[in-house]
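Participant: Take this structure first; my questions come after.
The values are calculated or read from the model by the stated rules, or taken from the named source; none is laboratory data. What you are looking at is a predicted structure, and each value in this text was computed from that prediction instead of being measured. Using ideal geometry, Cβ is built from the backbone for each residue, glycine included, and neighbour counts are taken over all protein chains shown.
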Amino acid sequence: MSIPLVRLPSLELIRGFVAVGRRMSITLAAQDLCVTQSAVSRQIHALEEQLGVKLLVRGHRAIHFTAEGERLFRSADGAVQQMQDVVGEISTGGVPRPVTLSASIGFTGLWLLPRLSRFQQRHPGVDVRVSANNGLVDLRRDGIDLAIRYTSPALAPSGATRLFGESIAPVAHPSLGLKTLRLERAFAQHALLEFDDARHQWLQWPGWFAAHGMAPVKPHGVLHFNQYDQVIQAALAGHGIALGRLELIQPLLATQQLIQLAPALEASETSHAYWLIHGEDEPRDAVRQVAAWIESESKTGDA
């Protein structure tokens with residue numbers, strides 16, 4: 001049910017909420033908005049009080065959406081992004097548009113961001129705007145030039161370019177002192193870090209145990225996360241053992257910030273992979289340069 005315009009929360013509160021949702025961090029949101037952390041926290045509290053619902057759950061090291069918060073973010077993020085695009089277009093004064101690249105939060109944090117500096121070095125005249133969002137978007141309607149999506153060949157849009165597939169293996173921080181998972185006591189002594197996404201069972205521990213012909217073991221505990229990059233951040237903090245998506249976390253493995261504990265499990269039964277999708281049939285030169293760079297990076301093994 002729609003409400004009157006006068007009862008909508010102020011744009012300032014919505015902007016603060018969207019900034020936090022995009023970063024899943026009050027600290028980084030404050031940096032984006034050029035305000036203090038306390039100012040952003042007050043905006044979130046004010047919005048929650050005005051709506052009468054909790055939007056974020058604040059933990060010791062991370063924040064998470066409530067169901068209501070995730071629903072509001074999906075709508076508000078798209079609306080704010082459209083406003084950003086329109087205001088940018090009418091106020092640029094002939095300045096070339098940046099290339100807008102959409103990818104999931106996990107892919108952005110783990111694969112894309114560690115590589116962006118190389119693109120900037122090679123193409124200093126091309127501006128890139130990264131839209132990290134796990135929701136489905138309409139590329140043309142939302143002004144997205146390129147999108148990277150994780151899907152099967154049957155669901156990949158016509159004309160999409162396959163970047164790379166996926167292999168899965170347990171990983172942990174060296175501080176846990178693990179080199180292998182051959183002994184069940186490794187699970188009894190450490191927590192399992194679980195990605196709560198039932199759509200892809202090979203990314204969850206029960207699926208991994210089944211694929212290896214193992215009966216589920218009783219771990220020291222289980223920590224659940226709704227964003228994959230949070231799983232990896234927890235592993236980096238030494239909180240337990242994660243199922244690593246090796247192609248995404250290769251830089252962390254190469255620098256031994258994470259240790260692979262078992263042979264990789266190919267997700268071949270699903271054929272899921274990462275695909276590059278164009279928003280326009282005839283992209284402008286800057287978009288083609290970004291697309292070519294992404295395809296080139298996808299063929300290299302190091303970040």
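Participant: Does any residue of the stretch 243-257 turn out to be in the same structural domain as Arg149 (by TED's automatic domain parsing) and in contact with a Pro (Cβ under 6 Å, 6 or more places away or on another chain)? Lay out the reasoning, then the answer.
Facilitator: The first filter runs over the stretch 243-257 and keeps only residues in the same structural domain as Arg149 (by TED's automatic domain parsing), leaving none.
No, because not a single residue in the stretch 243-257 is in the same structural domain as Arg149 (by TED's automatic domain parsing) and in contact with a Pro (Cβ under 6 Å, 6 or more places away or on another chain).
Participant: Can we say Ser102 is under 30 Å from Trp275 (Cα atoms) and hydroxyl-bearing (Ser, Thr, Tyr)?
Facilitator: Against the criterion (under 30 Å from Trp275 (Cα atoms) and hydroxyl-bearing (Ser, Thr, Tyr)), Ser102 qualifies.
Participant: Which residue is surrounded by the fewest Cβ atoms within 10 Å (Cβ to Cβ), if the candidates are limited to the stretch 221-275 and must be assigned to a strand (DSSP E or B) and of a type in the set (Phe, Trp, Tyr)?
Facilitator: If we take residues in the stretch 221-275 being assigned to a strand (DSSP E or B) and of a type in the set (Phe, Trp, Tyr), then Phe225 is surrounded by the fewest Cβ atoms within 10 Å (Cβ to Cβ).
Participant: Does Gln201 meet the test of being polar (S, T, N, Q) and touching a residue at least 12 places away in the same chain (Cβ under 8 Å)? Steps first, answer last, please.
Facilitator: Numbers: polar (S, T, N, Q): yes; touching a residue at least 12 places away in the same chain (Cβ under 8 Å): no.
Answer is no for this residue.
Participant: In addition: Of the conditions (1) under 20 Å from Val231 (Cβ atoms); (2) aromatic (Phe, Trp, Tyr); (3) in contact with a helix residue (DSSP H, G or I) (Cβ under 7 Å, 6 or more places away or on another chain), Phe187 clears all except one; give me its number.
Facilitator: (3)
Participant: Which one is modelled with the highest pLDDT, of the residues in the stretch 177-220 that are assigned to a loop (DSSP other than H, G, I, E, B), farther than 11 Å from Ala242 by Cα and under 25 Å from the mean Cα position of the chain (by Cα)?
Facilitator: Here the answer is Asp196.
Participant: Here's something else I'd like to know. Would it be correct to say that Phe187 is closer than 21 Å to Ala103 by Cα and aromatic (Phe, Trp, Tyr)? Even if it seems obvious, please write down each step before you answer.
Facilitator: Working: closer than 21 Å to Ala103 by Cα: no; aromatic (Phe, Trp, Tyr): yes.
Taking the combined requirement at face value, the residue does not satisfy it.
Participant: Is it the case that some residue within the stretch 95-102 is modelled with pLDDT of 90 or more, within 21 Å of Gln37 (Cα to Cα) and not small (Gly, Ala, Ser)?
Facilitator: The answer is no, given that none of the residues of the stretch 95-102 is modelled with pLDDT of 90 or more, within 21 Å of Gln37 (Cα to Cα) and not small (Gly, Ala, Ser).
Participant: Please tell me if Ala160 is surrounded by 15 or more Cβ atoms within 10 Å (Cβ to Cβ) and closer than 24 Å to Leu223 by Cβ.
Facilitator: Details: surrounded by 15 or more Cβ atoms within 10 Å (Cβ to Cβ): yes; closer than 24 Å to Leu223 by Cβ: no.
Answer is no for this residue.
Participant: Would you check which residues across the stretch 58-94 are modelled with pLDDT of 75 or more and hydroxyl-bearing (Ser, Thr, Tyr) and list them?
Facilitator: Those that are modelled with pLDDT of 75 or more and hydroxyl-bearing (Ser, Thr, Tyr): Thr66, Ser75.
Participant: Considering only helices (runs of 4 or more DSSP H) fully contained in the stretch 5-53, which possess at least 2 residues that are more than 20 Å from Val130 (Cα to Cα)? It would help to see each step written out before you state the result.
Facilitator: Values: elements: 11-23, 26-33, 37-51.
Where helices (runs of 4 or more DSSP H) fall fully within the stretch 5-53 and carry at least 2 residues being more than 20 Å from Val130 (Cα to Cα), they are 11-23, 37-51.
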